[in-house]
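Below is one structure; the comments refer to it alone.
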Amino acid sequence: MNFREEFNLSIRARCAVLYVTTREEERLLSVVKDCAAELENMRVVSWDFASGFDVGVAVGKGNPIAVLDFIAKEPADTPILYVLKDFHRFLEDNMVCRMVKNLAAQLKPQQKSILIVSPVYKVPEELTSSVSVLEFQLPTLPELREYITNITQNVVVDMDKEGFEQFVRAFQGLTISTVKTILSKALARSGKITLNDLQLVLEEKKQVIRKTQVLEFFNAEETIGGMDVLKSWIVTRGMAFSEQAQQFGLPYPKGVLIVGIQGTGKSLCAKAISQQWHMPLLRLDVGRLMGSYVGESEARTREMIQIAEAMAPCVLWIDEVDKGFAGIGGVQGDSGAQARVFGSLITWMQEKKSPVFIVATANNIEQLPPEFMRKGRFDEIFFVNLPTEKERVEIFRLHISRRRDIAVKNYDLAALAKETKGFSGAEIEQVINDAMFQAFSQQRDFTTEDILAAIHSTIPLSVSFRETINKLIAWAGSGRARMASSQQE
């Protein structure tokens, strides 16, 4: 059900107090007025703290209590909707909260309703049963296409039809006001709209993601060593996002759960998938979904899902998911909020039709609830083991080649790989760093001998936590996960 349908239904059902979380006041008000015109010509009156009512009523400017008192006493000969902007700021006041609760009961038999518009969800617990929360979606692709077409009618658009469609799709996940700002910047820079302006869209998306404080935007420029089975799987699944695959009837891939030992490159896999598929990479920190207000965690989860779907096609990376949802079904959690967030997330993972590919990584598989790993939520579960000797050669080659312009052929990679049995990729990177520190202190280039010395002074996790790691390897080896590499040591 979209916003228009939900709003019309709520008004017809005499829901007295509605709450909408959005950063698009102007577009929301336009949609609400269109809906109100269809509902027996319902009047729409808006109010904000600085300007008061927009109909010349000399009441309530700077005084939320006076506003609510006015609404309670105002006779309604015709249906009327009061749009109160940023009113969430006043709901923490005991008097305001009580008045809103009284109005919810008083207005129900009348033809008056209140719509609270806020960029964030903040509803006190005592109001949750009196307020109906509506979801105002970001602009759809057809809405973006129509808006961009209209706004660029009188300017030079230097791209073909296919390029224009790509240009429009790049704006998914952004508000109309942001789209207008980007187009204005593009015109100010070159006097026309071209595909080169996609960089402006990308930079703006990064800003939008940062402002949500729930998702992070990552630049994916990573290469992983080894994991030939996982790499092949990634290439095959990437083809499913093409137009030909959709015409063939192929569903979008849902995601992959990557389990493994710490430092083996699980997080790099998420970045590599994003780079391989040329898709934006969004990182979700599960802890940021948790809010202090009743319902705020669920609202943040809905916002995260809305943004991810609007950004689609994209890769959504949930790092260390085992820590984020540890204790689900047990005694941990904050009054059920964690369980509700988890429930919303796994339901969306199961039912989603949008091309949002989820990459979840985990170290401790025992902390994950069984329902999270159920088939249908992920296409595959991979286990990343400690790298084999052949893979360690590749990892050494990758890391050494990234250090200045040093020729990899100057290093005995075979000897280094042989001496690092039981080392993870992260530990291999660290011994190279240690060798570089040693060489730099002596004002010379680092050598194979420097790296070997660093190796011999390092105790890897496979030794420090031998029992834990062996248990994890045994779990994967029993057929519960697919090995990321075709060869094992």
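The values are calculated or read from the model by the stated rules, or taken from the named source; none is laboratory data. Predicted, not measured: the structure shown is a model, and the values here were computed from it. In this analysis, Cβ positions are derived from the backbone assuming ideal geometry, glycine residues included, and neighbour counts consider all displayed protein chains. Note: accessible area is taken over every heavy atom of the protein model, side chains too, but ligands, DNA and RNA are not part of it. Shrake-Rupley method; radii C 1.70, N 1.55, O 1.52, S 1.80 Å.
Okay, here's what the table says:
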{"quantity": "Residues of the stretch 122-145 satisfying the condition of being in contact with a helix residue (DSSP H, G or I) (Cβ under 9 Å, 6 or more places away or on another chain), open to solvent by 60 Å² or more (accessible area, probe 1.4 Å) and not in a loop (DSSP other than H, G, I, E, B)", "calculated": "E126, E135, E143, R145"}
{"quantity": "Contacts under 8 angstrom Cβ, first residue in the stretch 460-489 being open to solvent by 40 Å² or more (accessible area, probe 1.4 Å), partner of a type in the set (S, T, Y), 6 or more apart", "calculated": "L461/S424; Q487/T388; Q488/T388; E489/T388"}
{"quantity": "Options K112, K108; residue that is open to solvent by 20 Å² or more (accessible area, probe 1.4 Å), touching a residue at least 40 places away in the same chain (Cβ under 8 Å) and under 19 Å from R12 (Cβ atoms)", "calculated": "K108"}
{"quantity": "Selection within the stretch 425-460 - within 24 Å of G226 (Cβ to Cβ) and in a loop (DSSP other than H, G, I, E, B)", "calculated": "F446, T458, I459, P460"}
{"quantity": "T448 surrounded by fewer than 18 Cβ atoms within 10 Å (Cβ to Cβ) and closer than 21 Å to K323 by Cβ", "calculated": "no"}
{"quantity": "Matching residues in the stretch 212-229 - criterion: being part of a helix (DSSP H, G or I) and either in contact with a helix residue (DSSP H, G or I) (Cβ under 7 Å, 6 or more places away or on another chain) or loosely packed, with under 13 Cβ neighbours inside 10 Å (or both)", "calculated": "T212"}
{"quantity": "Residue in the stretch 388-418 that is surrounded by the most Cβ atoms within 10 Å (Cβ to Cβ), counting only those that are in contact with a helix residue (DSSP H, G or I) (Cβ under 6 Å, 6 or more places away or on another chain) and assigned to a loop (DSSP other than H, G, I, E, B)", "calculated": "Y411"}
{"quantity": "Tally, over the stretch 358-386, of residues that are among the hydrophobic types (A, V, I, L, M, F, W, C), under 22 Å from the mean Cα position of the chain (by Cα) and in a helix (DSSP H, G or I)", "calculated": "2"}
{"quantity": "Selection within the stretch 146-194 - under 23 Å from R23 (Cα atoms), open to solvent by less than 50 Å² (accessible area, probe 1.4 Å) and among the polar types (S, T, N, Q)", "calculated": "Q172, T175, T178"}
{"quantity": "Tally of residues being under 16 Å from V117 (Cα atoms), surrounded by fewer than 16 Cβ atoms within 10 Å (Cβ to Cβ) and aliphatic (A, V, I, L, M) across the stretch 46-88", "calculated": "1"}
{"quantity": "All positions within the stretch 392-426 that are among the charged types (D, E, K, R), in contact with a Leu (Cβ under 7 Å, 6 or more places away or on another chain) and in contact (Cβ under 8 Å) with a residue 60 or more places away in the chain", "calculated": "R397"}
{"quantity": "Test: residue in the stretch 230-242 that is part of a loop (DSSP other than H, G, I, E, B) and surrounded by fewer than 19 Cβ atoms within 10 Å (Cβ to Cβ)", "calculated": "yes"}
{"quantity": "Residue that is least open to solvent (accessible area, probe 1.4 Å) [pool: residues in the stretch 243-291 that are over 21 Å from the mean Cα position of the chain (by Cα) and polar (S, T, N, Q)]", "calculated": "T264"}
{"quantity": "Condition broken by G479, with the remaining ones in (1) in contact with an Asp or Glu (Cβ under 9 Å, 6 or more places away or on another chain); (2) within 17 Å of F383 (Cβ to Cβ) satisfied", "calculated": "(1)"}
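Listed here are the residues, each with its yes/no results for (1) of a type in the set (D, E, K, R); (2) at pLDDT 90 or above.
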{"position": "T388", "(1), (2)": "no, yes"}
{"position": "R392", "(1), (2)": "yes, yes"}
{"position": "A407", "(1), (2)": "no, no"}
{"position": "D412", "(1), (2)": "yes, yes"}
{"position": "A453", "(1), (2)": "no, yes"}
{"position": "A476", "(1), (2)": "no, no"}
